[in-house]
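Working notes for the structure below.
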Amino acid sequence: MIQTQKLARGLSAVVLATSMAACTGSPAVDQRTAMDSTGASGALGGDPILFGVIAPLTGPVADAGAYVVSGLTIGVGKINAQGGVCGRPLEPIILDGMNDPQESANAAENLITREQVPIIMGAWGSSSTLAVMPVMARHGIPLVVETSSSDKITTPGTPGFDWVHRISPTSAMEAEAMKPYLVDELGMQRVAILSVNNDWGRGAGAAFRLAIEEQGGQIVREDYIDQTVTDVLPQLTNINGSGADAIVMTTGAAQIATILKQYTELGMDQLILTTGGSNYPVAIMQLASPEMVNGTYHVMFYVPTEHALAGDPAMSEWYYDTYAENGYPEVGLGESYRGFDAVHVIAQAIELNDCSLEPESLNQALTRVEFAGLSGLVRFSEAHGHQSRPNVYLVRVDNGELAAVAADPPVEQP
Amino acid sequence: MVELVQHLLNGFLIGGIYALMGIGLTLIFGVMNVVNFAHGQFYMLGAFVVYTVFTLAGVPYVLALVVAAMAVGLLGVITERLLLRPIRDQPADVPMLATIGLSIFLANMALIIWDPTPKDTGLPFPLVGVKVGPLTLTPMRLFVLVAAFVIIAGSHLFLQRSRMGKAIRATFQDREAAALMGVDVDVVNMVTFGWGAAMAALAGGLLAPIFQVFPTMGAIVTAKSFAVVIVGGLGSFPGAILAGLLLGIAESLGAGYVSSGYRDAIAFILIIAVLVVRPTGLLGNETQKLA
């Protein structure tokens with residue numbers, strides 16, 4: 001009996017130890033050695049150049065974090081295969097921020113104080129990025145933001161603003177780019193907003209409200225739901241009863257798919273527009289069904305199937321093929337490009353900084369980066385030199401196929 | 001008015017699942033005095049087993065539900081035998097900590113086995129709404145509702161009529177007296193924990209086609225299940241049914257008429273309100289009975 005109790009205690013200890021490891025800020029995924037699937041980091045001389053990455057690897061948006069990391073992995077592999085940065089291989093240290101502000105801030109502290117990285121990419125969600133920014137400012141380490149879109153991040157006065165450079169567009173940029181189409185082209189006269197309840201969703205809600213109202217449209221309902229919510233029948237019932245002719249949704253692909261399922265259940269027919277860039281329609285189709293996504297519109301920053309629209313069409317084509325060759329899930333293609341572009345920005349900044357990893361001058365070097373990436377030309381020329389302006393596309397899904405029906409900047413016809 | 005009725009209907013549908021979750025949890029607490037923080041993870045595993053058996057292997061959906069209940073029920077039995085029984089006589093916080101550890105362990109195991117990408121199980125029944133007057137109801141939701149109440153009724157019959165059910169009720173009332181009367185308390189505990197886990201798995205399997213399946217889906221469900229058990233009265237079978245339905249309807253009305261953002265807070269407001277007025281829960285009392 002005593003032995004059984006000891007066994008049980010041992011089992012409990014193992015369970016708890018596993019749990020605690022999962023809970024702490026220790027690296028959930030440390031990909032220091034995982035870069036040789038596409039690259040040849042081992043052939044390069046010198047110590048690797050470490051940089052930090054904060055992404056949600058567990059939690060409700062863990063899939064999106066994994067996709068960003070897959071793009072980053074391809075990017076690091078490509079850079080290292082082409083000789084690395086200043087002759088040294090790049091090596092990411094990836095910590096799980098869980099898309100939780102507190103966890104993301106802890107991850108930033110760990111990366112800076114324990115791993116002593118000179119630069120960090122992250123932290124996916126706007127609320128998490130806003131929590132990380134004061135940590136970056138306190139330690140004087142630059143942050144490259146690849147996903148977040150809350151306007152606050154690149155608004156002067158936000159704690160940590162001086163140390164942040166953002167590739168992803170702000171919600172205001174998205175709304176501004178789509179403004180000519182929303183009311184006049186898509187006929188969105190009475191619009192309901194249904195978004196995730198965080199800085200990202202609320203920021204996008206405010207930006208699209210402004211854009212729609214400026215064009216003469218009307219917002220008839222605004223609902224914000226937690227990112228873990230799966231039952232949205234109450235919100236959809238209200239929207240259905242509000243006389244809305246369109247719904248603007250800003251949340252991740254998985255939650256959009258859940259909403260579309262219940263939208264179908266209620267037999268609704270409002271026009272659907274999703275925003276935010278984590279809304280890859282292929283992912284939504286796989287999680288709902290192609291029929292449910294048919295006829296919906298999506299604001300995107302990279303359309304993987306339309307290489308001509310990318311900042312570098314040849315690179316887009318190579319990326320598309322490499323992504324498939326590496327066996328990454330197709331559903332992640334529309335999110336993964338963020339990691340790919342971001343690692344190239346970091347690499348170029350280090351080279352522009354004469355290979356120095358001194359954080360303050362590295363932060364300055366970021367302002368001189370010009371990289372024709374998958375999401376357009378990355379150049380931090382807006383919001384006082386802290387914000388890039390990627391391409392923004394309006395994509396319509398018809399019979400499972402994606403077609404860009406509008407673009408900002410407009411695509412020149414051959 | 002139409003909206004109100006639709007909200008009530010929606011709340012009733014989700015409330016049936018809350019009741020199913022609550023019954024499993026309240027049984028485990030009532031019989032074993034274990035606060036099971038891994039209940040949501042059994043729900044998650046049920047959904048993943050349905051995904052694997054129904055979606056990937058092509059087994060009929062109802063059979064996949066049975067497989068999910070049996071597999072997760074067996075896991076519950078093993079958990080009771082290896083993890084909980086040896087610490088049964090420890091203070092209540094020891095098994096509680098063990099189930100917290102187990103919950104994170106199971107979520108991380110699911111992350112490794114099925115990866116973090118959300119999964120779609122596909123639909124065993126049409127999801128397109130059928131209009132009943134001004135109201136909309138889908139065959140899938142109707143199946144979920146009917147299945148939930150069949151499982152609840154079956155559980156009630158099992159408790160009332162079967163020899164094991166009587167043994168469970170006897171153990172619930174007084175473990176030592178039951179043991180003296182020849183009830184094998186170890187077996188009762190094992191069956192109860194396995195049964196509770198199986199009910200959570202059935203709830204997960206029933207909702208899997210409507211929502212998505214992902215490793216962290218159990219966390220919020222655990223919290224909701226606790227709300228149901230506390231509001232209904234710790235250890236009260238009918239209390240769990242009543243509280244489950246009440247919570248579903250309160251959430252639906254709250255999200256519909258108050259604020260979407262505070263939907264999850266409604267469960268906890270309900271707990272506070274009930275505990276202030278009736279500290280033992282709606283149908284709980286000093287000498288609770290499984291009836």
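The values are calculated or read from the model by the stated rules, or taken from the named source; none is laboratory data. Since the model is a prediction, treat every value here as computed from it, not as a measurement. Ideal geometry is used to build each Cβ from the backbone, glycine not excepted, and the neighbour counts take in all protein chains shown. SASA here: full protein model, heavy atoms, side chains in, ligands and nucleic acids out. Shrake-Rupley method; radii C 1.70, N 1.55, O 1.52, S 1.80 Å.
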Restricted to region A:52-67 and to residues being within 15 Å of the chain's Cα centre (by Cα) and modelled with pLDDT of 95 or more, the residue farthest from residue A:97 (Cα to Cα) is A:53
Given the conditions (1) within 14 Å of another protein chain (Cβ to nearest Cβ); (2) surrounded by fewer than 24 Cβ atoms within 10 Å (Cβ to Cβ); (3) at pLDDT 95 or above, report the number of the one that residue A:267 does not fulfil. (3)
Can you tell me how many residues in region B:15-33 are open to solvent by 10 Å² or more (accessible area, probe 1.4 Å) and either assigned to a helix (DSSP H, G or I) or within 14 Å of chain A (Cβ to nearest Cβ) (or both)? 4
Within region B:200-291, which helices (runs of 4 or more DSSP H) (wholly inside it) include 1 or more residues that are aromatic (Phe, Trp, Tyr), modelled with pLDDT under 85 and over 19 Å from residue B:152 (Cα atoms)? B:263-277
Could you check residue B:169 against (1) charged (D, E, K, R); (2) more than 13 Å from the chain's Cα centre (by Cα); (3) under 15 Å from residue B:44 (Cα atoms) and say which number it fails? (3)
Which numbered condition in (1) under 20 Å from the mean Cα position of the chain (by Cα); (2) within 14 Å of chain B (Cβ to nearest Cβ); (3) among the small types (Gly, Ala, Ser); (4) open to solvent by 10 Å² or more (accessible area, probe 1.4 Å) is the only one that residue A:311 fails? (2)
Identify, by number, the condition in (1) crowded, with 24+ Cβ neighbours inside 10 Å; (2) in a helix (DSSP H, G or I) that residue A:176 doesn't meet. (1)
Subset of region A:71-113 that is open to solvent by 10 Å² or more (accessible area, probe 1.4 Å) and within 14 Å of chain B (Cβ to nearest Cβ) - its residue that is farthest from residue A:127 (Cα to Cα): A:96
Could you list all residues from region A:231-259 that are open to solvent by 40 Å² or more (accessible area, probe 1.4 Å) and either assigned to a helix (DSSP H, G or I) or out of contact with any strand residue (DSSP E or B) (no Cβ under 8 Å at 6 or more places or on another chain) (or both)? A:240, A:241
Would you point out the residue of region B:63-90, among those that are open to solvent by 40 Å² or more (accessible area, probe 1.4 Å) and without any contact (Cβ under 8 Å) to a residue 40 or more places away in the chain, that is nearest to the other protein chains (Cβ to nearest Cβ)? B:82
Exactly one of A:296, A:274 is more than 18 Å from the chain's Cα centre (by Cα), under 18 Å from residue A:401 (Cβ atoms) and not small (Gly, Ala, Ser), and that one is A:296
When you scan region B:262-270, do you find a residue that is away from chain A (no Cβ under 14 Å) and either crowded, with 21+ Cβ neighbours inside 10 Å or more than 25 Å from residue B:160 (Cβ to Cβ) (or both), even just one? yes
What tally of residues in region B:204-243 results from selecting those that are open to solvent by less than 10 Å² (accessible area, probe 1.4 Å), more than 14 Å from chain A (Cβ to nearest Cβ) and of a type outside the set (S, T, N, Q)? 12
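Residue-by-condition table, conditions (1) free of Cβ contacts under 8 Å to residues at least 60 places away in the same chain; (2) closer than 19 Å to residue A:378 by Cβ; (3) open to solvent by 10 Å² or more (accessible area, probe 1.4 Å); (4) acidic (Asp, Glu):
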{"position": "A:279", "(1), (2), (3), (4)": "yes, no, no, no"}
{"position": "A:293", "(1), (2), (3), (4)": "no, no, no, no"}
{"position": "A:299", "(1), (2), (3), (4)": "no, yes, no, no"}
{"position": "A:305", "(1), (2), (3), (4)": "no, no, yes, no"}
{"position": "A:319", "(1), (2), (3), (4)": "no, yes, no, no"}
{"position": "A:324", "(1), (2), (3), (4)": "yes, no, yes, no"}
State whether the residues of region A:161-168 include one that is among the basic types (Lys, Arg), open to solvent by less than 10 Å² (accessible area, probe 1.4 Å) and in contact with a Phe, Trp or Tyr (Cβ under 9 Å, 6 or more places away or on another chain). yes
Applying the selection to region B:35-48, what residues are buried (at least 24 other Cβ atoms within 10 Å of the Cβ) and over 12 Å from the mean Cα position of the chain (by Cα)? B:45, B:47, B:48
When every residue in region A:202-239 that is at the interface with another protein chain (Cβ under 8 Å from one of its Cβ atoms) and not β-branched (Val, Ile, Thr) is compared, the one nearest to residue B:212 (Cα to Cα) is A:231
